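The next block holds one structure in the form of structure tokens; read it before the comments.
Each reported figure results from applying straightforward, stated rules to the coordinates on display, with no laboratory input. None of these values were measured; they are calculated from a predicted model. Virtual Cβ from ideal backbone geometry, glycine too; neighbours counted across all protein chains shown.
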């Protein structure tokens with residue numbers, strides 16, 4: 001269950017990153033509420049996961065999902081560069097997160 005919570009925390013982190021961009025373009029109370037909700041839920045799920053997983057592993061996986069997911073979402077929704085090396089290194093971040101799960 002801790003790994004599921006950690007993955008959900010990472011996905012909420014990705015949603016939070018999207019909400020930052022949405023809030024920057026649309027300064028509304030609804031966008032701010034979505035931003036706070038996404039990051040709040042992310043932190044709550046991370047805290048739960050860290051009750052059962054090593055802190056270093058949980059934090060590395062959480063940031064890996066958030067960072068790589070944010071980069072991929074930027075490519076999909078905001079036209080950010082899709083260079084082969086960029087995609088390769090995003091894949092390395094994800095592979096590292098999977099590797100940490102395998103050894104924990």
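Once you keep just the Cα pairs under 8 angstrom separated by 6 or more residues, what percentage relative contact order results for the chain? Display every interim value, and only then the final one.
On the way: 102 pairs, mean separation 34.8, N = 104.
Worked out over the chain, it gives 33 percent.
From zero outward in steps of 10 Å, how is the percent of C-alpha pairs of segment 1-62 spread across the bins?
27, 43, 22, 8
Rank 44, 94, 29 by mean-square fluctuation in a GNM of the chain with C-alpha springs under 10 angstrom and give only the top-ranked residue.
Taking springs between Cα atoms under 10 Å, the residue moving most is 29.
Determine, from the Cβ-Cβ distance of residue 59 and residue 82 and an R0 of 25 Å, the FRET efficiency 1/(1 + (r/R0)^6), rounded to the nearest 0.05. Kindly include the intermediate steps, with their values, before the conclusion.
Numbers: r = 28 Å, r/R0 = 1.12.
Calculated transfer efficiency: 0.35.
Given that compact globular proteins tend to follow 2.2 N^0.38 Å, what is the ratio of the alpha-carbon Rg of segment 58-104 to that value?
The reported ratio for this selection is 1.20.
Can you list, bin by bin at 10 Å, the percent of alpha carbon pairs in the chain, starting at 0?
Answer for the chain: a P(r) of 16, 41, 31, 11, 0 percent.
Gaussian network model of the chain, Cα springs within a sub-10 Å range: biggest mean-square fluctuation belongs to which of 11, 32, 46?
So, out of 11, 32, 46, the one fluctuating most is 32.
Which one, 47, 38, 30, has the greatest fluctuation when you compute a Gaussian network model over the chain with C-alpha springs under 10 angstrom?
Judging by the Gaussian network model, the answer is 30.
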